[in-house]
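Scroll down for the structure; my scribbles are underneath it.
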Amino acid sequence: MSSDKISVFKGDITLQKVDAIVNAANNSLLGGGGVDGAIHQAAGPGLLEECRRMNGCPTGEARITGGHNLPARWVIHTVGPVWHGGNDGEAETLAMCYRNCLEVAHRHGIKTIAFPSISTGAYGFPIEPASRIAVREVKSILERNESIEKVVYVCFNQTTYDCYLKLIMNY
Ligand code: ADP
């Protein structure tokens, strides 16, 4: 069953020793605040240079780069939806982010991957529905796909951590 492949961790995603960490980026892929800023800071200027060559990323899609100075070999950049109240397709777009990241991971033979809580910072997606989507999408893919061995949700604050933990225990 997939649940033993999923864990929750409270802390900084840039320190994760996994094959790939996911970045909650913006459409430009040229860096920003929050987790995006932390990843670029830790990865060093080589990441920005590589990102410049990608010509951005549409919302809901995912792009892969090297990890540069990070412990992770890869960074998978995805762009979550900005929350506009919930009637603008936000839930489906967020689900697409998780699906597309895992699809890219699968194509690159990535076995271990860490996700931040996409869209729940500056983009304002409420944590309860966002975490439910994150857990539902990942579980559903792990049930069908044997190649990914470990998924970690890295939560930067206690509320986010509590939300994910409750979901994973009760799913
Ligand atoms: P978005 O624009 O997609 O909302 P943010 O980076 O603003 O992205 O926030 C997404 C989540 O990442 C938030 O829960 C935020 O607290 C968290 N976060 C910020 N820095 C880090 C970090 N270094 N590691 C893991 N999560 C982080």
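Arranged from highest to lowest average of other beta-carbon atoms within 10 Å per residue, in what order do the peptides 125-133, 15-23 appear? Let's see the in-between values first.
Numbers: 125-133: 19.1, 15-23: 22.9.
Highest mean packing first, the order is 15-23, 125-133.
Specify whether the C-alpha gyration tensor of the chain places it in the rounded, prolate or oblate class, a ≥ b ≥ c being the square roots of the eigenvalues: rounded for a/c under 1.5, otherwise prolate if a/b is larger than b/c and oblate if not. Here the chain falls in the rounded category.
Summarising the strand pairing of the stretch 1-91, around 50 percent of its internal DSSP beta bridges are antiparallel. Each residue was assigned an accessible area with a 1.4 Å probe, and for residue 120 the value is about 40 Å².
On a per residue basis, the chain carries 47 Å² of accessible surface, using protein heavy atoms and a 1.4 Å probe. Taking the protein heavy atoms of the chain in the context of the full set of protein chains, the accessible area attributed to carbon and sulfur is 51 percent at 1.4 Å. Within the straight-line cut-off of under 17 Å between alpha carbons, the lysines reachable from residue 111 are 5, 17, 139, 150, sequence neighbours fewer than 8 places apart in one chain being disregarded.
Quote to one decimal, in nm, the extra length available between residue 10 and residue 28 on full extension: 0.36 nm per residue of separation minus the C-alpha distance between them.
Values: separation 18, 0.36 × 18 = 6.48 nm, distance 2.79 nm.
Gain on stretching residue 10 to residue 28: 3.7 nm.
The values are calculated or read from the model by the stated rules, or taken from the named source; none is laboratory data. Values in this document were obtained by computation on a predicted structure and should not be read as measured data. So basically every Cβ, Gly included, is an ideal-geometry build from the backbone, and we count neighbours across all protein chains shown. Areas reflect the complete protein model, heavy atoms only, side chains present, ligands, DNA and RNA absent. Shrake-Rupley method; radii C 1.70, N 1.55, O 1.52, S 1.80 Å.
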